[in-house]
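The values are calculated or read from the model by the stated rules, or taken from the named source; none is laboratory data. Remember, it's a predicted structure, so these values are computed and weren't measured experimentally. Backbone-built Cβ (ideal geometry, glycine too); neighbour counts: all protein chains shown.
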Amino acid sequence: MLIEKAHTVPDSYPLSLNSLVSGCNQKTTRDPVMNATEAEVQVAADALKALHLVFESSGSRVTRYEHNMARAMALPSQSVAVLAVLMLRGPQTSSELRANCDRLHRFADVSSVEAFLDELAARAQEKGGPLVLKLPRAPGAREARWTHLLCGAVDVSALPVAAQSDDFVAASELASLKSQQLSMQRELDELRALIDKLYSELGVNKT
């Protein structure tokens, strides 16, 4: 939430504890929706401070908080944006991530998002290991979704998986392949007939 608000309400950032609570309990663009108390948010902020993921700002009568994720985890701003949106909105496809990241970072295209997702998924163990995971495609879904691993491993075996395998051929594609096959068969038959005619005219016996 701190990452989001740094971009969307820069004039109010860093955030006070009251603003932190309001942001955490925001009802729109959130999955899951939370109902955290001030004490719970304070405990979370203190835990993030211990990990150097959050700083307290000085010079104000009210304590304010700002994130330090990019520096603490040695991540580019694009990766931070992707992780923030996954944390705020739950598992998403790369297309959804591109649209939902727009206020945090404007990706040129979906392939740009996928490049950073692949990089996060292949993060070396010495750097802390992978930070995202590509989930199996759900039944009825056209694209696979991605989820973050900042809360630990995900039990993929418990997720519903589309019945179609990776080598599944859509009905329209199958019809096109059959049409091409028939066309090739006609051309082959025509070539055979032409060869038979040439053999006959030249008086050559086929063996």
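Remarks
- For the range 17-28, the candidate set comprises residues that are exposed (fewer than 12 other Cβ atoms within 10 Å of the Cβ) and within 22 Å of H148 (Cα to Cα); within that set, the residue that is nearest to the chain's Cα centre (by Cα) is T28.
- Inside the range 28-48, residues that are under 18 Å from A84 (Cβ atoms) and not β-branched (V, I, T) make up a count of 9.
- Among residues of the range 65-75, those that are in a loop (DSSP other than H, G, I, E, B) and at negative phi, counted: 3
- The helices (runs of 4 or more DSSP H) falling completely within the range 1-64 that include 1 or more residues that are of a type in the set (G, A, S) and in contact with a helix residue (DSSP H, G or I) (Cβ under 7 Å, 6 or more places away or on another chain) map to 17-24, 38-50.
- Check on A81, among the small types (G, A, S) and in contact (Cβ under 8 Å) with a residue 60 or more places away in the chain: yes
- Single match in E126, E173 (criterion: surrounded by fewer than 11 Cβ atoms within 10 Å (Cβ to Cβ), at pLDDT 80 or above, more than 16 Å from M87 (Cβ to Cβ) and out of contact with any helix residue (DSSP H, G or I) (no Cβ under 9 Å at 6 or more places or on another chain)): E126
- Top-ranked residue in the range 33-62 [being surrounded by 15 or more Cβ atoms within 10 Å (Cβ to Cβ) and β-branched (V, I, T); ranked as farthest from G128 (Cα to Cα)]: V41
- Candidates in the range 137-153 are the residues that are modelled with pLDDT of 90 or more and surrounded by 10 or more Cβ atoms within 10 Å (Cβ to Cβ); of these, the one that is farthest from the chain's Cα centre (by Cα) is L150.
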